[in-house]
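The next block holds one structure in the form of structure tokens; read it before the comments.
Quick note: the coordinates plus some simple rules give every number you see, no bench work behind them. Worth saying up front: this structure is predicted, and the values here are computed from it rather than measured. Note that we place each Cβ from the backbone using ideal geometry, even for glycine, and neighbour counts take in every protein chain shown.
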Amino acid sequence: MPDRYDLPPGFRWGVATAAYQIEGAVGEDGRGPSVWDTFTARPGAIRDGHTGAVACDHYHRWPEDIALLQGLGVDGYRFSIAWPRIQPTGAGTVNPAGLAFYDRLVDALLDAGITPLPTLFHWDLPQALEDNGGWLDRDTAHRFADYATVMADRLGDRVPAWITLNEPFVHTVFGYALGIHAPGRTLMFDALPAAHHQLLAHGLAATALHDRGLDVLISNNLTPVGPASPSPADTAAARAYDALHNRLFTDPLLLGRYPDLTALGVPDDIFGAVRPGDLDLIHTPGLDGLGVNYYNPTRVAAPTDPALPFDLLDIPDVPHTAFGWPVVPEGLRQLLLDLRQSYGSSLPPITITENGCSVTEETAPDHPRITFLATHLDALAQAAAEGIDIRGYYTWSLLDNFEWAEGYHQRFGLVHVDFTTQRRTPRASYAWYRDLIVAHRARRSM
Ligand code: FCB
């Protein structure tokens, strides 16, 4: 087993955040409302009625947060741009104050020696677009390409690589199928046109970014899927779930076709959403890197309710995070080997764009998080030793933040945030990660 520092030269260490989870200032400087402002106002939608209205107040405290990044010694910082700050209604008029905010952020990161890695869409769709159908409406893909072009023209001279979308699987399923996230629709499989339109948006934006000489990634939430037993019924259920969670979002990008979704009752053209030429638009721009967000594997059994194609089961006999997610570091290695098996030479270089865990606030001195990160980095180093081309690792997250439906209850930060005072306190995992980065650099320069 290689040690955790045994990653390739030029490997980038980073941390990740997202706009709605940290920025706050939702009504300032001309920002328009997003689906998350609307959804968090819905009674019962979010645990204890929390909202992102203030969050970590990063919109005002960003210099302090950049100082934290600098203290950590990261090479890169993954953040997201709030589309409603740039185009308050999601189309047309650009808000200069919104652009100026990200301009300052990017300049300050570069001054600190940190490469910015922006995500263009981390779920905060302008509400005006949702009012026209959101991601169920094909036109949203074209609006996204326009917005991507605005950002590339403004920051492309300083930002070499861009992530188009964050986790279209989670946004589609939690946001449009199950109603757990904004925009809170409960369409079940009828939600899948939202997946196609996000992928189309990615393809159109990728072409615009490539035309400007910029690198393009997408961050997918991926999970290795295993059947609960070797029975044919469990195996078929696992295959169906793998198609929905993973392949629906990687096959069109890397192979130019959708997986077989008939086991889910979904036709090839995804209920008429897929038009001739769309798959070329998604596939042809190519990816300069695949962003992988990994949290846990998924164990699947044949359904007990015949209305559903599968049951999702817990993974017993492993530790679980404060969120209740099973901790299986080996799943990360497995996932990367599975990707190579499925896509071969069509698989672009990998960047881990999220990986981390929530721990209960009382847990001192942050041992579960350090163990989580150390064991996952061991698994990553193992995959690299087995020939997977891995370019970087961005842990989720720099700060405790607004964890969507869970509000402020799940704490994923290397830095603790007191949400009453906004005081930031680096945890033991912050010092651990900082030391790991220093040690890796020292080893490389020997
Ligand atoms: C991912 C999201 C990210 C964060 C982590 C815990 O699915 O992309 O915003 O909430 O989970």
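Within the range 98-167, the trypsin sites (Lys or Arg not before Pro) that combine a DSSP coil assignment with at most 13 other C-beta atoms in a 10 angstrom radius are R158. Normalising the average separation of contacting C-alpha pairs (under 8 angstrom, six or more residues apart) by the number of residues puts the relative contact order of the range 175-231 at 17 percent.
Using alpha carbon centroids, what distance separates the range 147-163 and the range 170-205, in Å? Measuring centre to centre over Cα atoms gives 25 Å. Under conditions of 20 °C and 1.002 mPa s, the range 1-59 yields 150 µm² s⁻¹ as its translational diffusion coefficient, taking Rh as the Kirkwood radius over Cα pairs in the Stokes-Einstein equation.
Separation of the range 211-242 and the range 311-330 by C-alpha centroid, Å? Measuring centre to centre over Cα atoms gives 17 Å. Averaging the Cα positions of each part gives two centres, and for the range 59-79 and the range 383-435 these lie 12 Å apart.
Quick check: convex hull over the Cα atoms of the chain, volume per residue in Å³, rounded to an integer? Please report the intermediate quantities before stating the final value.
On the way: hull volume 62.6 nm³, N = 446.
Output value, Cα hull per residue: 140 Å³.
The slack in the chain from T89 to D131, taken as 0.36 nm per residue of separation less the alpha-carbon distance, amounts to 14.1 nm.
Here the extension length gained between A428 and D268 equals 52.7 nm, from 0.36 nm per residue of separation less the Cα-Cα distance. The loop-placed GluC sites (Glu not before Pro) in the range 349-446, going by DSSP, that have at most 10 neighbouring Cβ atoms within 10 Å of their Cβ come out as E362. When only Cα pairs below 8 angstrom with a gap of at least 6 residues are kept, the range 298-380 shows a relative contact order of 25 percent.
Report the rotationally averaged projected area of the range 286-440 based on its alpha-carbon convex hull, in square nanometres.
On the way: hull surface 47.7 nm².
Hull-based average projected area comes out at 11.9 nm².
Taking 0.36 nm per residue of separation and subtracting the Cα-Cα distance, what length does fully extending T284 through H320 add?
Numbers: separation 36, 0.36 × 36 = 12.96 nm, distance 4.01 nm.
Answer, rounded to one decimal: 9.0 nm.
Its DSSP H runs of at least 4 residues, each contributing -39,500 (n - 2.57), put the calculated 222 nm mean residue ellipticity of the chain at -11000 deg cm²/dmol, to the nearest 500. Here the relative contact order of the chain, from alpha carbon pairs under 8 Å that lie six or more residues apart, stands at 18 percent.
Counting only DSSP beta bridges with both residues in the chain, tell me the antiparallel percent, nearest 5. Working shown, then result.
Details: 10 of 45 bridges.
Antiparallel: roughly 20 percent of the beta bridges in the chain.
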